[in-house]
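Engineer: Have a look at this one.
The values are calculated or read from the model by the stated rules, or taken from the named source; none is laboratory data. Just so it is clear, the model here is predicted, and its values are computed rather than measured. No Cβ is skipped: glycine too gets one built from the backbone with ideal geometry, and neighbour counts run over all protein chains shown.
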């Protein structure tokens, strides 16, 4: 366990060291690297790009995840296992393979690179997670609740918004938060497809080439880890808290 988490613990530790180099003993305690982050417009620009891509990816992945999960759990589909397997396939395909494949396809189709190319790539990664979370949510309550609503005169649309959606809302929120975090932290696909507007992880990678930028990169990495941990913890708490709606 120490071997796995030691690098994550060391990262914030050295982000408070008043030195350009990672070494013991500490030169002095400082927070100036964090202050420099706020004053750097390139970091703000990369942050906005990552947030925009993350929000769009999370919204689209979750919306498609709701439709897919509902179909898989409420309809008797032929080849159910095959369909689920194909949906989950991107979870086991190396991201490098997906990134290079998308780069080739987009170039051949003359679609260009940029934010929407990154969103497309991130959706391939995030969509299976959204489906997995939402399938467990749909399986957590009985279809009899929907049938009762229809028997009482509600339309399918009213049943979805007044019965199904409130019951699945915690799963929807959990899916949105988790897919946003995955998109926000993703590096390889963004590196290949982001063109002239780098995301925050791509920007961070670029700063590591310059020794004097290392402390600021450590501070930025610490903030990314902290935000990701909080969002994932919140998503998991929501998923567990409402695991049994009935």
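Engineer: Condition check: free of Cβ contacts under 8 Å to residues at least 40 places away in the same chain, within 21 Å of the chain's Cα centre (by Cα), part of a helix (DSSP H, G or I) and within 20 Å of residue 57 (Cα to Cα). Does residue 233 satisfy that?
Structural biologist: Answer is yes for this residue.
Engineer: Another question, then. Just give me the residues in the stretch 100-133 being part of a helix (DSSP H, G or I) and over 28 Å from residue 172 (Cβ atoms), in sequence order.
Structural biologist: 100, 101, 103, 104, 105, 106, 107, 108
Engineer: If you don't mind, there's one more thing I want to ask. Within the stretch 50-83, take every residue that is free of Cβ contacts under 8 Å to residues at least 24 places away in the same chain and assigned to a helix (DSSP H, G or I) and give me the one that is nearest to residue 144 (Cα to Cα).
Structural biologist: Checking each candidate, the answer is 71.
Engineer: Continuing with this model, one more query. Name, by its number, the condition in (1) closer than 25 Å to residue 224 by Cβ; (2) at pLDDT 90 or above; (3) surrounded by 15 or more Cβ atoms within 10 Å (Cβ to Cβ) that does not hold for residue 97.
Structural biologist: (3)
Engineer: Quick one: residue 95 ticks every box in (1) under 22 Å from residue 135 (Cβ atoms); (2) touching a helix residue (DSSP H, G or I) at 6+ places or on another chain (Cβ under 6 Å) bar one, so which box is it?
Structural biologist: Of (1) under 22 Å from residue 135 (Cβ atoms); (2) touching a helix residue (DSSP H, G or I) at 6+ places or on another chain (Cβ under 6 Å), only one is false for residue 95: (1).
Engineer: Can you tell me which residue among 150, 169 is touching a helix residue (DSSP H, G or I) at 6+ places or on another chain (Cβ under 8 Å) and in a helix (DSSP H, G or I)?
Structural biologist: Result: 150 is the single residue among 150, 169 that is touching a helix residue (DSSP H, G or I) at 6+ places or on another chain (Cβ under 8 Å) and in a helix (DSSP H, G or I).
Engineer: Taking interchain pairs and intrachain pairs at least six residues apart, which have beta carbon atoms under 7 angstrom, with the first residue in the stretch 152-166 and in contact (Cβ under 8 Å) with a residue 60 or more places away in the chain and the second surrounded by 13 or more Cβ atoms within 10 Å (Cβ to Cβ)?
Structural biologist: Qualifying pairs under 7 Å: 164/146.
Engineer: While we're looking at this one, here's another question. Among the numbered criteria (1) modelled with pLDDT under 85; (2) surrounded by 12 or more Cβ atoms within 10 Å (Cβ to Cβ); (3) over 23 Å from residue 172 (Cα atoms); (4) under 27 Å from the mean Cα position of the chain (by Cα), which single criterion is violated by residue 74?
Structural biologist: Condition not satisfied by residue 74: (3).
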